[in-house]
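Notes follow once the structure below has been shown.
The values are calculated or read from the model by the stated rules, or taken from the named source; none is laboratory data. Remember, predicted model here, so these are calculated numbers, not experimental data. Cβ atoms come from the backbone with ideal geometry, glycine included; neighbour counts cover every protein chain shown.
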Amino acid sequence: MPSLRSYLLLAVSFFLLGCSQTLVPAPRLPVLSQQQGDAALLTRLHADWQVLGQRSADAGEREAALKRYNAGLLLLIQRLRYDYSRYRDSNRYDGLSVVHHMSASGKKLIMLYDDIVPAAEVPLVDLQERYTTPGIGVALVGIIPPEKVQNADGMFNIATRGSVSALTAVLSFNREGSPVLQLIPRQQQDDVRVGCRTYPLAADWSALLEVYWHITRVKDDRVLGLFRPQKLRSTTGLSSLTPYDPDKIPVILTHGLLSSAGTFDKLVNRLIGDPRIRETYQFWYFNYPTGVAWTVSARAYRESLSALRQQVDPLHRNRNWDNMVVVGHSMGGLITHYSQCLEPWELLRVTDIPHVDRYLSPEYIDKPFPVPQLNPLRQDYFFRPVEAGLVVYMATPHRGAPVARYRLAAFISKLVTLPQTLLREAYNIATLQDDMLLLNPQEAYQWFTSIGQLKPDSYSIRGLQGLRVRDVPTHSIIGDRGENTCPRCSDGVVPYWSSHIAWGTETIVPYDHSVQDCPESAEDMKRLLYAYALRLPAARKQRALLRCTEQVNHRGAAVRK
């Protein structure tokens, strides 16, 4: 009879197979362009371009011309993409010139992309709604290969996995009637001038997200991050879909156990589909291996935030960073909660380490312990809190998750293989002084496994209850599976008594533990972000600030009105 281990591995295999779907369509030769002919297509595009720019054209004429223009331009883009993939020749149209938009550091943006895909051809696989911005041009997704990500200004992405960029193709015509093709980065420009009129640039935000998660393959790492966390060291840290923008408020999203940054795909899709949210906020993901204890991952979280701000705002003058929004789902909420604590070292009071009380002081944030073997504790328990302006918890087990006690959870915990560095720290904690055994090795091992630290009676969960947190606006989104039985409810993993906190506000949504996928959660987040932005009238526009590094795309008057 098959063992439990066999069933588990079979389930994991099906899980991973479901993550490997082909998403980016292959270049194809559109049939209509063959029938119409290239010269005739360019002639019609020129005629529609002239109508769009005429002051005398009425709304109906311009609407019809815009529809014809966008349809014809899509055919042209498809033909160019097909020709380039087959012949590696993008100059098969006589007289067609291409404008190479430049990045902030003077690089040709067109040189970044291995492929440029029409967004209309990208199917929605994981996302449920498609959010677009209607306008002129053809929405595109530019695919940046891994070896070129470092050359993309302001891009901070999952290591060596590539990225994407939102582009809009516009075919303009100069005074002589010669066609000029522009591939405009949407983060640099929102509209375009046609004659005496201005039109918004078309965009497809959902296609961009779909391709991003397909390129980075982060979702494929969910199981690996739990059982073999050392394999994901290169992908631990912060990443963003779009280049860093000093004029927008960062929103930091942290996922939970057996998950990845891709768990927020539906939530972010619904948020960036709203122009008010898109214009005010930028979304960042903290990705980490979930087999490691959340106190350890919180260290990487704080270090990643500190390193990013040091790179983009070394003088700490950008108020948008001070108004940062932090969002944590499930175990990611524990990482977020712990990083908001004022005296995190007090968590050690519930441990069995003798004489540790004498070292529970903020002075050890900046100086080592007299006992060298204790110094590994400083990284995880002695730090200054992350200074966020708004904190949001989603299905967070502040008091632990009872399911972590179950036999299956214990079995899974035994399959977790910790990195050698953490095993050495566990050994050091277990044998701190000479022959004195302060903790048994098995208990020390539990310090560094995520499931062990989710138990309600674990030292970390017990210690977290007594820690003071920063006094900032805090909101919780809690699931009850639609049963309307709160406060005696549960999302199926975390009961209400664990996800509820005494401070802040909360919203109950009719959903399971994956509350980030719930449409009501997205609406709740929109409400929170709208209200929060209104309280910060002077916090967004930072263009007068000192620009700090050429590696970041600091947008200015040269690239945006």
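Scan segment 378-403 residue by residue and report those that are surrounded by fewer than 24 Cβ atoms within 10 Å (Cβ to Cβ), under 22 Å from the mean Cα position of the chain (by Cα) and not charged (D, E, K, R).
Result: Pro385, Val386, Gly389, Leu390.
Give me the residue from segment 253-277 that is in contact (Cβ under 8 Å) with a residue 40 or more places away in the chain and assigned to a loop (DSSP other than H, G, I, E, B) and, out of that set, surrounded by the fewest Cβ atoms within 10 Å (Cβ to Cβ). Before the answer, list the steps.
Step one: filter segment 253-277 for residues in contact (Cβ under 8 Å) with a residue 40 or more places away in the chain, giving 253-257, 259-277.
Add one more test, that the residue is assigned to a loop (DSSP other than H, G, I, E, B), and what stays is 255-257, 259-260, 273-274.
Values: His255: 29, Gly256: 28, Leu257: 24, Ser259: 24, Ser260: 28, Gly273: 20, Asp274: 18.
Looking at the filtered set, the residue picked out is Asp274.
For Gly482, state whether it is at positive phi, touching a residue at least 12 places away in the same chain (Cβ under 8 Å) and not acidic (Asp, Glu).
Judged against the criteria, Gly482 is a match.
Does Ser304 meet the test of being surrounded by fewer than 22 Cβ atoms within 10 Å (Cβ to Cβ), closer than 22 Å to Tyr212 by Cα, small (Gly, Ala, Ser) and within 14 Å of the chain's Cα centre (by Cα)?
yes
Take Asp48 and tell me if it is at pLDDT 90 or above and surrounded by 14 or more Cβ atoms within 10 Å (Cβ to Cβ). I'd like the intermediate steps shown before the answer.
On the way: at pLDDT 90 or above: yes; surrounded by 14 or more Cβ atoms within 10 Å (Cβ to Cβ): yes.
So Asp48 fits the description; yes.
On the basis of being of a type in the set (A, V, I, L, M, F, W, C), out of contact with any strand residue (DSSP E or B) (no Cβ under 6 Å at 6 or more places or on another chain) and at pLDDT 90 or above, does Leu464 make the cut?
Yes: the conditions hold for Leu464.
How many residues does segment 308-337 hold that are more than 18 Å from Thr242 (Cβ to Cβ) and either touching a residue at least 60 places away in the same chain (Cβ under 8 Å) or buried (at least 24 other Cβ atoms within 10 Å of the Cβ) (or both)? Step through it out loud before you land on a result.
Narrowing segment 308-337 to residues more than 18 Å from Thr242 (Cβ to Cβ): 310, 314-317, 319, 322-323, 326, 328-337.
Filter once more, so that each one left must be either touching a residue at least 60 places away in the same chain (Cβ under 8 Å) or buried (at least 24 other Cβ atoms within 10 Å of the Cβ) (or both): 314-315, 317, 319, 322-323, 326, 328-337.
Here the count works out to 17.
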